[in-house]
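The values are calculated or read from the model by the stated rules, or taken from the named source; none is laboratory data. If you're wondering where the values come from, they're calculated on a predicted model, not measured in any experiment. Ideal geometry is used to build each Cβ from the backbone, glycine not excepted, and the neighbour counts take in all protein chains shown. The accessibility values were calculated without ligands, DNA or RNA, using every heavy atom of the protein model including side chains. Shrake-Rupley method; radii C 1.70, N 1.55, O 1.52, S 1.80 Å.
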Amino acid sequence: MRGVLYLFVATLLAAMGWIASKVVVQSMAGEMFIASRFILASLILVPFCYKSLLKLTFKQVLSACGVGVFLGLALQVWIYAVSISDGLSEGAFIMSLAMIIAPLTAWLLFQVKPNRAFWVALPLSVSGMMLMSLTDGWKMESSQLLFLLASALLSVHFVMNKRISGKLKPLVSICLQLFVVGLVGLLYTLYTEPDAVQFSNQLLVWFVISTVAATSVRYLLQTMGQYKVSMETAALLMILEPVWTLLLSISVLGETLELQKLIGGGVIFLSLITYIKLSRRYAKAEQAKIELAKAA
C-alpha cells in the first residue's frame, strides 16, 4: 500500500506540474524554464544517489544521457505546446497516448512485435484522439499536433529507457536524464536568445512548485512506488495524471472542456486501461503455456 500511495501522490504532483508550467511560461521562455527546472531538479536528487553515480562506468553514463536526450526533445516540444494551448486537459490526455504508441515504436526500432492488447487498444485511442481534436471538422489545432509529436518522442524515451533499465538503478538513471533534459533546454536557450524573464512573486512560487514538487519529489516518489508494486499496478495508477490535470485545470485555471472533448478523453482513458488489463491477461496466458510445455 505504501508503493500505491507513492504513485498516487506522484500522479497528483505531475498534474500540478502541468498547471505550474502553464503559469510559468507566461513570464519566461519555455526553453529557459525547462533548462533551469530540470538542472535544478537533478541537483536536488544528487544527495540521494551520489555514491552510485560515482561508481558508474563511462558507458553507463553515456547510455543514460543518450536516453535523456529523447526525453529532453519530447519536453521541449511539450512545453511549447503548453505555451500556445488554450486547454491543458486535452494535452494531458494526448500525452498519455505515449503508452499506446510505445509498442509501435519498439516494433519500428527493434522489430519487437506488439502484443494483441495493442491492436485492441489502438482503435479506441485513435477514436478518443479524433473526438478530442476534430470538434470543428477535420482540422487539428497546432497545440494538439505538438502534443501528439511530444507523445511520440516520449514513447521513444520509454522504449530506450526500458532497454537500459536493467543496467542502472532507477534513481541514478533519472538523475542523469533530468540533468540532460536541462542541458538540452540550455543549448536551445543559447540558440534562441529568449526575452528577459518577467520576475514576480507568482512566478517564483510556481517555479519552485514545478521544480521541487512536480519534478524532484514526483520522480523520487514515482521511482520508490514502481519499486514496491507490480508494473501493471504502476501503469494503472500513472494514467491518473490526465484526470488530475483535467480537474486542476478546471479549478485553478478556469478551463472549460466541451462535451465531445471530455468524451474523447474518456475513450483514451478507456484505451489505456484496456491495454494494461489485456497485456496482463495475455502475459499470464503465455506464461501458463510455457509452464505447461515445460511440464510436458
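Observations
- Applying a threshold of 25 Å to the alpha-carbon distances of LYS59/LYS113; LYS113/LYS289; LYS113/LYS284; LYS167/LYS228; LYS55/LYS113; LYS51/LYS167 flags LYS59/LYS113; LYS55/LYS113 as lying beyond it.
- Taking the inverse of the mean 1/r over every pair of distinct Cα atoms in segment 167-268 gives a Kirkwood hydrodynamic radius of 17.0 Å.
- Expressed as a whole percent, the accessible area of segment 57-163 that falls on carbon and sulfur atoms is 71 (1.4 Å probe).
- Packing-based ranking of 180-186, 93-99, 277-283 yields 93-99, 180-186, 277-283, ordered from highest to lowest mean Cβ neighbour count within 10 Å.
- The value of relative contact order for segment 79-217, using C-alpha pairs under 8 Å at least six residues apart, is 29 percent.
- Paramagnetic label zone (point 7 Å from Cα along Cα-to-C-beta, VAL112; backbone N under 16 Å) in segment 164-181: 164-168
- Of all complete DSSP H helices in the chain, those with a Cα span along the helix axis of 18 Å or greater and a mean Kyte-Doolittle hydropathy of -0.5 or more are 2-24, 30-54, 58-84, 116-133, 142-164, 170-192, 259-295.
- Dipole magnitude of the chain about its Cα centre (Cβ charges: Lys, Arg +1; Asp, Glu -1), debye to nearest 20: 1620
- When ARG2, ARG37 are compared by accessible area at a 1.4 angstrom probe, the order from most to least is ARG2, ARG37.
- Summary value for the chain: 44 percent relative contact order, contacts being C-alpha pairs under 8 angstrom separated by 6+ residues.
- Amide N of segment 103-136 lying under 17 Å from the label point, which is placed 7 angstrom from the Cα of LEU262 along Cα→Cβ: 131-133, 135
- Working ranking of peptides 108-114, 242-248, 158-164 by packing, defined as the average number of other Cβ atoms within 10 Å per residue, highest first, is 242-248, 158-164, 108-114.
- The per residue volume of the convex hull around the alpha-carbon atoms of the chain is 153 Å³.
- Among the GluC sites (Glu not before Pro) in segment 199-296, those placed in a DSSP loop whose Cβ has at most 16 other Cβ atoms within 10 Å are GLU258.
- Helix-derived mean residue ellipticity, 222 nm - over the chain, DSSP H n ≥ 4, -39500 (n - 2.57), to 500: -27000 deg cm²/dmol
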